[in-house]
Amino acid sequence: MKIFKCQNCAHPVYFENTKCLQCGSALGFEYQSSQLFALIHTANGLEEYGAPGKMVKYCANHKHDVCNWLIPAEDGRNLCEACTLNQKIPNLQNNHHLEAWRRTENAKHRLIYSLHKLNLPVLSKSISPNNGLAFEFLADQNHPMVAETEKTVKTGHENGKITLNIAEADVVYREKTRALLKEDYRTLIGHFRHEIGHYYWDQLVWNDYQILEKYRELFGDERVDYTSALNRYYAFGPNHNWNFSHITAYASAHPWEDWAESWAHYMHFVDTLESAYSFGISLH
């Protein structure tokens, strides 16, 4: 993730910051420019530093301390580009749910930032029911942090809707699951990057025959029964010598998972390089 600077004092500030710890300026992220701005409190509301008359407001989820993104003051929307993608959020009367949602939103906002930087289309399902993107963050009764529903919530993707079990926001729960399933990259941001890969397979591959044929040459034929392939993977583990042909063990389970794991790792690489560049690291 890129490191930003406060326009008021040039002190380093970070993506989720809402206040500069050096000068006390309020901070907000502008999606269109991918910049974190210092804000000035005026009689007319919040104004971006260095842009006289440019009035903005925080996303409505700012009041829950889960979002610092900005919306033009005259805009009729109350939710930013990232938060408008949410279809369901946890019951916020439960403090554990609120903390889990906060961590989850931090990861999701980083995902949307990266997609925007890669010039990938991010369209809400509320605008485009067939091709849009939506998120559901649900609670699972089997974990004390998220006791709410009557069944286990499974993280996954279906027709543009990404569902995430907010128990994944609990470090202990996620680490136990990571060790049990031998998934080295099981993180909140890793979940988002993997599942968004499934979404973009539908958008970029499925409807283009030429690209689909190239996909099948590289990843295999996705028409192989998906449920049977996953059952076999969880029963017997990955194929022998999977690491000679796949980026992770799970990628060997099915061509769809090969694509999603490869997509996620591409995003890992890009964001890691951006972080390194922000810290002044270079290769010669």
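Odds and ends about this structure:
- Applying a threshold of 6 Å to beta carbon distances and a minimum spacing of six or more residues, or different chains, the list of pairs starting in the range 112-135 at a residue that is free of Cβ contacts under 8 Å to residues at least 24 places away in the same chain and ending at one that is open to solvent by less than 40 Å² (accessible area, probe 1.4 Å) and part of a loop (DSSP other than H, G, I, E, B) reads L123/G132.
- Qualifying residue in the range 144-160 (condition: surrounded by fewer than 23 Cβ atoms within 10 Å (Cβ to Cβ), touching a strand residue (DSSP E or B) at 6+ places or on another chain (Cβ under 9 Å), acidic (D, E) and at pLDDT below 95): yes
- Annotation: Y199 fulfils all but one of (1) touching a strand residue (DSSP E or B) at 6+ places or on another chain (Cβ under 7 Å); (2) aromatic (F, W, Y); (3) closer than 30 Å to P12 by Cα; the unmet one is (3).
- Per the listing Y31, Y49, the residue uniquely in contact with a Cys (Cβ under 9 Å, 6 or more places away or on another chain) and over 17 Å from F15 (Cβ atoms) is Y49.
- Listed by first and then second residue, the pairs with beta-carbon distance under 8 Å, at least 6 apart or on different chains, first residue in the range 63-92 and farther than 27 Å from E168 by Cα, second loosely packed, with under 14 Cβ neighbours inside 10 Å and at pLDDT 95 or above, are I71/N78.
- Residues satisfying the stated conditions in the range 80-117, i.e. more than 9 Å from the chain's Cα centre (by Cα) and open to solvent by 60 Å² or more (accessible area, probe 1.4 Å): Q87, K88, I89, N91, Q93, N95, H96, E99, R103, K117
- Residue match in the range 1-14 (condition: of a type in the set (A, V, I, L, M), surrounded by fewer than 17 Cβ atoms within 10 Å (Cβ to Cβ) and touching a Phe, Trp or Tyr at 6+ places or on another chain (Cβ under 6 Å)): yes
- G190 meets all of the listed conditions (1) closer than 22 Å to R102 by Cβ; (2) at pLDDT below 90 but one, namely (2).
Quick grid of which residues meet (1) part of a helix (DSSP H, G or I); (2) touching an Asp or Glu at 6+ places or on another chain (Cβ under 7 Å); (3) more than 22 Å from K161 (Cα to Cα):
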{"position": "L39", "(1), (2), (3)": "no, yes, yes"}
{"position": "E47", "(1), (2), (3)": "no, no, yes"}
{"position": "N61", "(1), (2), (3)": "yes, no, no"}
{"position": "G76", "(1), (2), (3)": "no, no, yes"}
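- Residue, nearest to L123 (Cα to Cα), within the range 1-55, restricted to residues that are of a type in the set (V, I, T) and without any contact (Cβ under 8 Å) to a residue 60 or more places away in the chain: T18
Matching residues to (1) in contact with a strand residue (DSSP E or B) (Cβ under 6 Å, 6 or more places away or on another chain); (2) farther than 21 Å from D202 by Cβ:
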site	(1), (2)
D75	no, yes
K88	yes, no
Q93	no, yes
R102	no, yes
H116	no, no
N119	no, no
K125	yes, no
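The values are calculated or read from the model by the stated rules, or taken from the named source; none is laboratory data. Note that the structure is predicted; figures quoted are calculated from it, not measured. Quick reminder, even Gly has a Cβ in these numbers, built from the backbone with ideal geometry, and neighbours come from all protein chains shown. Just the protein is used for accessible areas: all its heavy atoms, side chains included, with ligands, DNA and RNA removed. Shrake-Rupley method; radii C 1.70, N 1.55, O 1.52, S 1.80 Å.
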